[in-house]
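All remarks here apply to the structure that follows.
The values are calculated or read from the model by the stated rules, or taken from the named source; none is laboratory data. Computed from a prediction, not measured in an experiment: that's the story for all the values here. No Cβ is skipped: glycine too gets one built from the backbone with ideal geometry, and neighbour counts run over all protein chains shown. SASA here: full protein model, heavy atoms, side chains in, ligands and nucleic acids out. Shrake-Rupley method; radii C 1.70, N 1.55, O 1.52, S 1.80 Å.
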Amino acid sequence: GGRKEGRGNDPHHSVREAAMDALLRLTLLLATDHQSLLNADIVERVMCSLVQQSNEKIDKTRAVALNSLTQLLYHQPPVPYIPHHRALMSIFNKEATESINWSVAESSFPLSGQLLSLPAYCYPTLLGMAASVGCFTESTVQYSSSSLLHCLKGISSCQSQLEYFCDVVLSMYRDHMKNNRVIAPLLVTLDVLLSNGIFDACLQYRHPFPLEVFSLVTVSSRSTNMSKTLASVDVYALTLTYTPSTHTHTHTVDCVTSFSFQM
């Protein structure tokens, strides 16, 4: 189970890695000889795809994605339209990253997790990291979780940043509501974030995030997937601490009653 997941013996992941290599080669070819065929939308989609895979749970997949990502950043002539190009070059310093083994979780996540701070990459970064935080490989869970928390440290001191991140999480939940392969690890990730107080300032800022999560979990928990159900219970329990008002308390009771009948 867990060991195979980290090594990446799944043929589906081999196909994914080959696809990333082909995407890299094509993008570099166009950047060198046919830049007129590239536009901002295409390049952003390429970058976001690689960013997601750069935070995924499979060691080899992360390595291929991060190697591709850094090649795009430093290619000459420069690949046009890369969102946050300068910030990416600062995170993935050329000299510092040349000696990094990207397949080692301890080395890759502290850098790739920093992409959470860049608006264009926040969603794909979290999507990839959620898969890692919610996987079964101990080292991957450890380093992805610690990097996630480190990169979000202090986010509560900036209302706009916290609200943006909350909106990204809610969008991701809604986008993948019926996909257990995304929602189950996302629930585990929410458990980690809520347990560590990442969303505590939502009360101060009067952001509806905790209540929105509560409502979404009520809907998505109608599942025969036991790991998803158990993760839902953990998130339910944590969101109860964000319900100060009488109106919210009434809604909470309704949600808990509904959830208890599902189980």
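Details
- Ordered from highest to lowest accessible area with the whole protein assembly present and a 1.4 Å probe, His75, His84, His150 read as His150, His84, His75.
- Result for the chain in a Gaussian network model with C-alpha springs under 10 Å: among Gln35, Gln161, Gln204, the largest mean-square fluctuation is at Gln204.
- For segment 75-183, applying the loop criterion from DSSP together with a ceiling of 14 other beta carbons within 10 Å to the trypsin sites (Lys or Arg not before Pro) yields Lys153, Lys178.
- Tyr173, Tyr74, ranked by accessible area, largest first (probe 1.4 Å): Tyr74, Tyr173
- Distances between every pair of Cα atoms in segment 180-248, grouped in 10 Å steps from 0 to the bin holding the largest one, split as 20, 55, 22, 3 percent.
- Its Kirkwood hydrodynamic radius, worked out from the mean inverse distance over all distinct Cα pairs, puts the chain at 19.5 Å.
- Accessible surface for the chain, divided over its residues, is 50 Å² per residue with a 1.4 Å probe.
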